[in-house]
Amino acid sequence: MIVNTVDESSGLSTHGLIRSALKTTEEQVREGWEYLSSLRVLKTTFVEGSEGDAVLDAIRTSFEPGVLSFLDVGCADGLFTRRAKDLLNLAGTNLSITAIDPLSAAALSTARQIPHDVVYRTRFEDFSTEAKFDVINVRHSLYYLRDPMSQVARMTDLLKPGGLLAFTLWGRDCDLYRVYLATRSELANGVSYAMTSEDLEAALKRNSSLRDIGCRLSTGKINLSAWRGSEDVLRSIYIVLRRQLNLPVSDGAFALFRTSFQHLMLTGQRTFAVITCRKVA
Ligand SMILES: C[S@@+](CC[C@H](N)C(=O)[O-])C[C@H]1O[C@@H](n2cnc3c(N)ncnc32)[C@H](O)[C@@H]1O
């Protein structure tokens, strides 16, 4: 059934401007909210380390204060988008934001966070605009894009000369990546591989349209007792990974995931990196 959700309003919503061509079933709307809440639960198990601060630092050190056009790819609940706007504003930089995400829950939630900016409910793969951006932020969303390096090429096209691309991705030593890899090989073989920061950094170095490739590492810890001791937390991890891996929602599939998880050797390490680069002028 197609339901009339916020995504169908291509005008001014009560919370901000949301544009979309996508239609959603009731089930997809429910799954979208469930995904956002699972993401929140997962984040409560992260201790120390802030890759968000590294993104803001990269923007601050790359541009003089002023107005910057900012594309946020995969904005989820919009909390980081809002934080970026508020904190950079304090430093004299005004972000004019375009945020995109295919989930209607994400578009609605982000529009509430940044009511004076623009939110599109769309996949990046389907997003097109005449606009060019100073900054494109791809924070933990590259994993979800089909054929990521061709999407990175499209992002480069959407940048102004000298513009900044900022990617945040897990590193090879991150426990979340370990769980992802094991789940992929045991339950989802054949699904396209989600890159690590190391993979991306090497690939960007081969792109002649980009310069100043830099890497800001962020290391933190994971509360492994919560991962091991709470069914809710484990289910949240499954729900977050399931989207990238295209796994079923069923209890049986979750039980298989739980068994595979119990056999994993984890370290309690959370390693992420912010990889930045600029478009050649
Ligand atoms: C892990 S969340 C990242 C959240 C946010 N950027 C942050 O830092 O808190 C990944 C987001 O990417 C979105 N996403 C998934 N597929 C996408 C696509 N094809 N294009 C753009 N965003 C996508 C998901 O819906 C989800 O909200």
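The values are calculated or read from the model by the stated rules, or taken from the named source; none is laboratory data. No experiment lies behind these values; they were computed from the predicted model shown. Cβ coordinates were reconstructed from backbone atoms using ideal geometry, including for glycine residues, and neighbour counts include every protein chain displayed.
Scan the stretch 169-197 residue by residue and report those that are part of a helix (DSSP H, G or I) and at pLDDT 90 or above.
Asp175, Leu176, Tyr177, Arg178, Val179, Tyr180, Leu181, Ala182, Thr183, Arg184, Ser197
List the pairs whose first member sits in the stretch 202-228 and is touching a residue at least 40 places away in the same chain (Cβ under 8 Å) and assigned to a loop (DSSP other than H, G, I, E, B), whose second member is among the polar types (S, T, N, Q) and surrounded by fewer than 16 Cβ atoms within 10 Å (Cβ to Cβ), and whose Cβ atoms are under 9 Å apart, counting only residues at least 6 apart or on separate chains?
Cβ pairs passing all conditions: Asn223/Thr44.
Applying the selection to the stretch 121-149, what residues are outside any loop (DSSP other than H, G, I, E, B), more than 17 Å from the chain's Cα centre (by Cα) and either surrounded by fewer than 21 Cβ atoms within 10 Å (Cβ to Cβ) or within 13 Å of the ligand (Cβ to nearest atom) (or both)?
none
Pick from Asp53, Asp57, Asp72: which is outside any strand (DSSP E or B) and closer than 18 Å to Asp134 by Cβ?
That would be Asp57, the only listed residue that is outside any strand (DSSP E or B) and closer than 18 Å to Asp134 by Cβ.
Among the residues of the stretch 91-100, which ones are within 21 Å of Ala131 (Cα to Cα), away from the ligand (no atom under 16 Å from the Cβ) and of a type in the set (Gly, Ala, Ser)?
Ser96 - this is the single residue of the stretch 91-100 that is within 21 Å of Ala131 (Cα to Cα), away from the ligand (no atom under 16 Å from the Cβ) and of a type in the set (Gly, Ala, Ser).
Within the group Ala84, Ala105, which residue is outside any loop (DSSP other than H, G, I, E, B), over 16 Å from Ala166 (Cβ atoms) and touching a residue at least 40 places away in the same chain (Cβ under 8 Å)?
After ruling out the rest, the residue left standing is Ala105.
Just to check your reading of the model, which residue among Leu79, Leu158, Leu88 is more than 14 Å from the ligand (Cβ to nearest atom), of a type in the set (A, V, I, L, M) and out of contact with any Asp or Glu (no Cβ under 6 Å at 6 or more places or on another chain)?
Going through Leu79, Leu158, Leu88 in turn, just one is more than 14 Å from the ligand (Cβ to nearest atom), of a type in the set (A, V, I, L, M) and out of contact with any Asp or Glu (no Cβ under 6 Å at 6 or more places or on another chain): Leu88.
Looking only at residues in the stretch 59-72 that are of a type outside the set (Asp, Glu) and within 17 Å of the chain's Cα centre (by Cα), which one is farthest from the ligand (Cβ to nearest atom)?
By that ranking, first place goes to Phe70.
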